[in-house]
Amino acid sequence: MKRHTCFTVQGKPFFSIGGQLHNSTGYALGSAEGEKYAQDTEAAFASLKAIGANTAAVPVCWDAFEPEEGSFDCDYVRRIIDQVRTHDMHVILLWFGTWKNGQMEYTPGWVKTDRKRFPRALCKDGTETAVLSPFYETTKEQDKKAFCRLMEVIRDYDAQVGTVLAVQVENEPGMNAASVRDFSEKGTEAFEDEVPEAVVRAAKECYGSAKDGRRDGALDWKDETHAVSSWVREAWERNGCRESGSWEEVFGSFGAELCMAWGTARFIDEIAEAGKRIYDIFMYVNVWLDGNGEKGWSLAGLEYPSGGAVSKVLPVWYAACSSLDCIAPDAYEGDPVSVRRTQALYDREGYAFYVPESGMSNVNASMMIEAAGKHGAAGYHVFGVDSFLEKDGRLKEKAEGIRHSFVMLDSAKELLLQYAGTGNIHTLIQRVGQDSCRLALGDLICRVSFAGAGPDYAGWVAMDCRHGGDLPGINRVPLSLEEELARGLLFQAGEKEFYLVGHKVRLYWQKLRMDGSIPANQLNIPHHSYNMELLVIEEGHFTEGGFVVDRRRSGDEARHGIWAQYDCGVIHFILGE
């Protein structure tokens, strides 16, 4: 089966702007009765609409879907789909099966209590964990049966409609317990067994080398667009570049985590493969991150689930998986540097890039623009959307930045799909303390101002009467990551034709002078916008028929640069001489 590289609806690409509901809200949407559940459902969709989402991400819990072995509540899944259809949205269904947050919280009681058929992962002293071992066929086959029945329900109920965009296979898998590896009988056999040839091959093909002089376990940051993990390669080299042997013999102390990664990945990919044979839809797994191996102890089992597709073991996951369309990072980091590195690591050629979970923060509001523009994200979702509203129904102030970015992404979704992979999408992201940046496109230079005409300019700067009323102190440069930063996307349609979507962004253009002269207009800030003439500047939106003009700009509205706010829609402009 060919790998999906984007979400689709009836064969057409679809950019998903979404909110993932809290873990147990999936029970509410699938319930046939209960006043509290009805209230939870209403609140969830009110929150989704308040932030401008077009997609809900909803858990399908194994214990609700198969409460008794072999007895499936298919109406539970149909009711979830019906609720989403009623609110004119799409849905991504999250299979909470063997794993949820590195444990087994949503497995049915009949699985949890039958330790003989469904063995737990063990610590070295024999302590049973709250994690099912990935090395037992009985567990995998039982999960697979339930997942395949789920895919049959989705196919039969939705294939002709296309409400369901994708299915997440498990949730943040791995062993979240006080051990790096599973010491059960089968777990120990796997650890002592020969390392698969595909893993050795992945170690050879990894960029980076322990001989390069970098620190142990370094990540190879080639640039902020593409990066690779060198942990696997370095462990392999330190242990003699062996072509065969046990996990410990080939990878030393790193072998235990790599063994868990291989076992977990193969378990999940086999389930995805079986599900796709029934209904070939976008499937992915999400990842509880390891801080790119740069924070704390970075110990598997202690700070993240061992065996999950974290940065250090990504090459093994890619070697193990042929059916997954995406390995998707859950992005909760609070600093842009870490987020950028994560996005670079999980943006892999041939796979879709997608962020299924992220936090309610202004850092995230900026980074989702970068994910869409720089990495061609298939979609971007925030977690816990049902708690984004105050008790009186207003959107929480902390969530306003997320809403602004969702509005912009919705305005730009056709452009993002049209220009994906062309190199003609430019992200404009303000950093703390930064008042402007420079963008060079051929012999055109653009000064992107994030502070009006400039932070030191005290004169009147035109916008218009419709926008910016909620932005007091627009010329002020943010000094904290807690503040909402300016951001935008610039799409180059021709040599001098552009589309702009942005917030607190203002563009000034000029053409490079070959003789070394500087335009006289540069001496006066209010005249900067006259360095190049504007043939066209207009606000609009896209429909199936193309770009529709809503307003033309000129005069006061165009005399201080080409400005954009989140609620402007798409700005189309053509530069003159």
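Among the listed residues GLU294, GLU273, GLU303, which satisfies the condition of being among the charged types (D, E, K, R), open to solvent by 10 Å² or more (accessible area, probe 1.4 Å) and closer than 26 Å to GLU194 by Cα? Full working, then the answer.
Values: GLU294 fails: closer than 26 Å to GLU194 by Cα; GLU303 fails: closer than 26 Å to GLU194 by Cα.
Criteria check complete, one pass: GLU273.
Looking at this structure, is PHE573 modelled with pLDDT of 95 or more, among the aromatic types (Phe, Trp, Tyr) and surrounded by 19 or more Cβ atoms within 10 Å (Cβ to Cβ)?
Values: modelled with pLDDT of 95 or more: yes; among the aromatic types (Phe, Trp, Tyr): yes; surrounded by 19 or more Cβ atoms within 10 Å (Cβ to Cβ): yes.
Answer is yes for this residue.
For the stretch 27-49, indicate whether the set of residues that are basic (Lys, Arg), open to solvent by 40 Å² or more (accessible area, probe 1.4 Å), within 21 Å of SER358 (Cβ to Cβ) and under 24 Å from the mean Cα position of the chain (by Cα) is non-empty.
Here is the first cut: in the stretch 27-49, the ones basic (Lys, Arg) are 36, 49.
Applying the additional criterion that residues be open to solvent by 40 Å² or more (accessible area, probe 1.4 Å) yields 36, 49.
Adding the requirement that they be within 21 Å of SER358 (Cβ to Cβ) leaves 49.
Of the ones still in play, those that are also under 24 Å from the mean Cα position of the chain (by Cα) are 49.
The answer is yes; a qualifying residue exists.
Where in the stretch 382-461 are there strands (runs of 3 or more DSSP E), lying fully within it, with 1 or more residues that are touching a helix residue (DSSP H, G or I) at 6+ places or on another chain (Cβ under 8 Å)?
Values: elements: 425-429, 436-441, 444-449.
Those strands (runs of 3 or more DSSP E) span 425-429, 444-449.
Go through the stretch 260-310 and give me each residue that's among the small types (Gly, Ala, Ser), modelled with pLDDT under 95 and assigned to a helix (DSSP H, G or I). Give the steps one after another, and end with the answer.
Of the stretch 260-310, the ones among the small types (Gly, Ala, Ser) are 261, 263, 265, 272, 274-275, 291, 293, 296, 298, 300-301, 306-309.
Those left that are additionally modelled with pLDDT under 95: 291, 293, 296, 298.
Result: GLY291, GLY293.
Quick one: how many residues across the stretch 345-360 are part of a helix (DSSP H, G or I) and under 20 Å from SER16 (Cα atoms)? If you could, list the steps in order and put the result at the bottom.
Start the filter on the stretch 345-360 by keeping residues that are part of a helix (DSSP H, G or I), which leaves 345-346.
Going one step further and asking which of them are under 20 Å from SER16 (Cα atoms), we end up with 346.
Qualifying residue count for the region: 1.
Test GLY307 against the stated conditions and say whether it is under 23 Å from ALA130 (Cβ atoms) and of a type outside the set (A, V, I, L, M, F, W, C).
Numbers: under 23 Å from ALA130 (Cβ atoms): yes; of a type outside the set (A, V, I, L, M, F, W, C): yes.
Spelling it out, GLY307 is indeed under 23 Å from ALA130 (Cβ atoms) and of a type outside the set (A, V, I, L, M, F, W, C).
Of these, PHE147, PHE135, PHE183, PHE96, which one is touching a residue at least 40 places away in the same chain (Cβ under 8 Å) and either assigned to a helix (DSSP H, G or I) or over 25 Å from LEU258 (Cα atoms) (or both)?
Numbers: PHE135 fails: either assigned to a helix (DSSP H, G or I) or over 25 Å from LEU258 (Cα atoms) (or both); PHE183 fails: either assigned to a helix (DSSP H, G or I) or over 25 Å from LEU258 (Cα atoms) (or both); PHE96 fails: either assigned to a helix (DSSP H, G or I) or over 25 Å from LEU258 (Cα atoms) (or both).
Unique residue meeting the criteria: PHE147.
Going through ALA198, ALA166, ALA190 one at a time, which residue ends up being farther than 15 Å from SER306 by Cβ and in a helix (DSSP H, G or I)? Working first, answer last.
Working: ALA166 fails: in a helix (DSSP H, G or I); ALA190 fails: farther than 15 Å from SER306 by Cβ.
After ruling out the rest, the residue left standing is ALA198.
Would you point out the residue of the stretch 402-451, among those that are open to solvent by less than 10 Å² (accessible area, probe 1.4 Å) and among the β-branched types (Val, Ile, Thr), that is nearest to GLN20 (Cα to Cα)?
ILE402
Would you confirm whether or not the stretch 493-501 contains a residue that is within 16 Å of ARG447 (Cβ to Cβ), assigned to a strand (DSSP E or B) and β-branched (Val, Ile, Thr)? I'd like the intermediate steps shown before the answer.
Of the residues in the stretch 493-501, the ones within 16 Å of ARG447 (Cβ to Cβ) are 498, 500.
Add one more test, that the residue is assigned to a strand (DSSP E or B), and what stays is 498, 500.
Keeping just the survivors that are β-branched (Val, Ile, Thr) gives none.
No, there is no match, as no residue in the stretch 493-501 is within 16 Å of ARG447 (Cβ to Cβ), assigned to a strand (DSSP E or B) and β-branched (Val, Ile, Thr).
Across the stretch 2-26, which residue is nearest to ASN171 (Cα to Cα) among those that are among the hydrophobic types (A, V, I, L, M, F, W, C) and surrounded by 18 or more Cβ atoms within 10 Å (Cβ to Cβ)? Walk me through how you get there before you give the answer.
Our first condition is that a residue be among the hydrophobic types (A, V, I, L, M, F, W, C); within the stretch 2-26, this holds for 6-7, 9, 14-15, 17, 21.
Narrowing the set further to residues that are surrounded by 18 or more Cβ atoms within 10 Å (Cβ to Cβ) leaves 6-7, 14-15, 17, 21.
Details: CYS6: 20, PHE7: 19, PHE14: 23, PHE15: 22, ILE17: 20, LEU21: 13 Å.
Among residues in the stretch 2-26 that are among the hydrophobic types (A, V, I, L, M, F, W, C) and surrounded by 18 or more Cβ atoms within 10 Å (Cβ to Cβ), the one nearest to ASN171 (Cα to Cα) is LEU21.
Keeping to the stretch 15-47, report how many residues are among the hydrophobic types (A, V, I, L, M, F, W, C), in a helix (DSSP H, G or I), in contact with a helix residue (DSSP H, G or I) (Cβ under 6 Å, 6 or more places away or on another chain) and closer than 30 Å to ALA420 by Cβ. So that I can check it myself, show each step before the final result.
Within the stretch 15-47, the first condition is being among the hydrophobic types (A, V, I, L, M, F, W, C), and the residues that meet it are 15, 17, 21, 28-29, 32, 38, 43-46.
Then drop every residue that is not in a helix (DSSP H, G or I), which leaves 28-29, 38, 43-46.
Right, trim to in contact with a helix residue (DSSP H, G or I) (Cβ under 6 Å, 6 or more places away or on another chain) and you get 28-29, 43-44.
Pick out the ones that are also closer than 30 Å to ALA420 by Cβ and you get none.
Residues flagged as among the hydrophobic types (A, V, I, L, M, F, W, C), in a helix (DSSP H, G or I), in contact with a helix residue (DSSP H, G or I) (Cβ under 6 Å, 6 or more places away or on another chain) and closer than 30 Å to ALA420 by Cβ within the stretch 15-47 amount to 0.
Looking at GLU497, GLU538, GLU557, can you tell me which residue is charged (D, E, K, R), more than 30 Å from GLY334 (Cβ to Cβ) and at pLDDT below 95? First the steps, then the outcome.
Values: GLU497 fails: at pLDDT below 95; GLU538 fails: at pLDDT below 95.
Exactly one residue qualifies, and that residue is GLU557.
Looking only at the stretch 495-504, decide whether some residue is over 31 Å from the mean Cα position of the chain (by Cα) and buried (at least 16 other Cβ atoms within 10 Å of the Cβ). Full working, then the answer.
Looking only at the stretch 495-504, we keep the residues that are over 31 Å from the mean Cα position of the chain (by Cα), and these are 495-496.
Next, from what is left, pick out any that are buried (at least 16 other Cβ atoms within 10 Å of the Cβ): 496.
Yes, the conditions are met somewhere in the stretch 495-504.
Can you name the residue in the stretch 532-556 that is in a loop (DSSP other than H, G, I, E, B) and within 16 Å of GLU497 (Cα to Cα) and is also most open to solvent (accessible area, probe 1.4 Å) among such residues?
Step one: of the stretch 532-556, the residues in a loop (DSSP other than H, G, I, E, B) are 532-533, 544-545, 553-554.
Filter once more, keeping what is within 16 Å of GLU497 (Cα to Cα): 532-533, 553.
On the way: MET532: 8, GLU533: 115, ARG553: 17 Å².
Taking the candidates together, the pick is GLU533.
Restricting attention to the stretch 387-408, which residues are among the aromatic types (Phe, Trp, Tyr) and over 16 Å from ALA53 (Cβ atoms)?
Here is the first cut: in the stretch 387-408, the residues among the aromatic types (Phe, Trp, Tyr) are 388, 406.
None - no residue of the stretch 387-408 is among the aromatic types (Phe, Trp, Tyr) and over 16 Å from ALA53 (Cβ atoms), so the list stays empty.
Before we move on, is ARG115 touching a helix residue (DSSP H, G or I) at 6+ places or on another chain (Cβ under 8 Å), closer than 27 Å to LYS144 by Cα and not aliphatic (A, V, I, L, M)? I'd like the intermediate steps shown before the answer.
Numbers: touching a helix residue (DSSP H, G or I) at 6+ places or on another chain (Cβ under 8 Å): no; closer than 27 Å to LYS144 by Cα: yes; not aliphatic (A, V, I, L, M): yes.
For ARG115, the condition - touching a helix residue (DSSP H, G or I) at 6+ places or on another chain (Cβ under 8 Å), closer than 27 Å to LYS144 by Cα and not aliphatic (A, V, I, L, M) - is not met.
The values are calculated or read from the model by the stated rules, or taken from the named source; none is laboratory data. Source: prediction; values computed, not measured. As a convention, Cβ positions derive from the backbone with ideal geometry for all residues, glycine included, and neighbour counts pool all protein chains shown. Side chains included, ligands, DNA and RNA excluded: accessible areas come from the protein's heavy atoms. Shrake-Rupley method; radii C 1.70, N 1.55, O 1.52, S 1.80 Å.
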